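S.K.: One structure coming up, written as structure tokens, with questions to follow.
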Amino acid sequence: MRRPLAFLLAVLLSALTFADEVADRRANAGLRLFRALLAADIELTKKTVAPDQILIVFLYVDDKRRATDFATRFIAEAKERDKLRGMTIATEVTNDPNFAAYGARIPAGVFIAEAPGRQALTSVIKYGIQRHVIVYSPYEGHVESGVLGGLSVEAQVRPYVNRETLEASQISLKSFFLGVAKVYQ
């Protein structure tokens, strides 16, 4: 009886490890597409928290280290050191889906580093819409749930944009970006 149980546990652990690897690959690809989505925001230069500085927040649930790692890589992968469209990037991590500590310091973008529960995700989406913030999630099903941007993995990896959320957020993207993105209606 123990052999089938041990085999079942081994298969389950392998499946969980594979799922984690897929999520990590989506998140890593998502970092690059998130940067492109931010750069496509026509109003980005108006979303500064200090002169020529934008704030990008990485949201986590339990794993602060993972969010910090994403924030560090986001800065490291910037083409002009830590700049985006000529502006310096400041990054912070939070596990507050209401962004209560930010007040008037509204981020230009939020990257969902760890998938939150349904209620927290709804809160993040509402925050993005009300404050015209680009909310990006590399997790499957989030764009369909209302997150503004994500990625579509088909024959190729492309940006994925929720048109309704984009319009509700009153964010204008460059037409080139929308031309290459998959748009969820």
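The values are calculated or read from the model by the stated rules, or taken from the named source; none is laboratory data. Note that the coordinates shown come from a computational prediction; the quantities given were computed from them, not determined experimentally. Neighbour counts are summed over all protein chains in view; Cβ atoms, including those assigned to glycine, are modelled from backbone coordinates with ideal geometry.
S.K.: Run down PHE58, PHE99, PHE74, PHE111 and say which single residue is within 22 Å of LYS174 (Cα to Cα) and modelled with pLDDT of 95 or more.
M.R.: PHE111
S.K.: Restricting to the range 136-185, and then to whatever is in a helix (DSSP H, G or I) and of a type in the set (Phe, Trp, Tyr), can you tell me which residue is surrounded by the fewest Cβ atoms within 10 Å (Cβ to Cβ)?
M.R.: PHE176
S.K.: Which count do you get for residues in the range 32-55 that are within 22 Å of SER175 (Cα to Cα), hydrophobic (A, V, I, L, M, F, W, C) and either loosely packed, with under 14 Cβ neighbours inside 10 Å or over 17 Å from the mean Cα position of the chain (by Cα) (or both)?
M.R.: Total meeting the criteria: 1.
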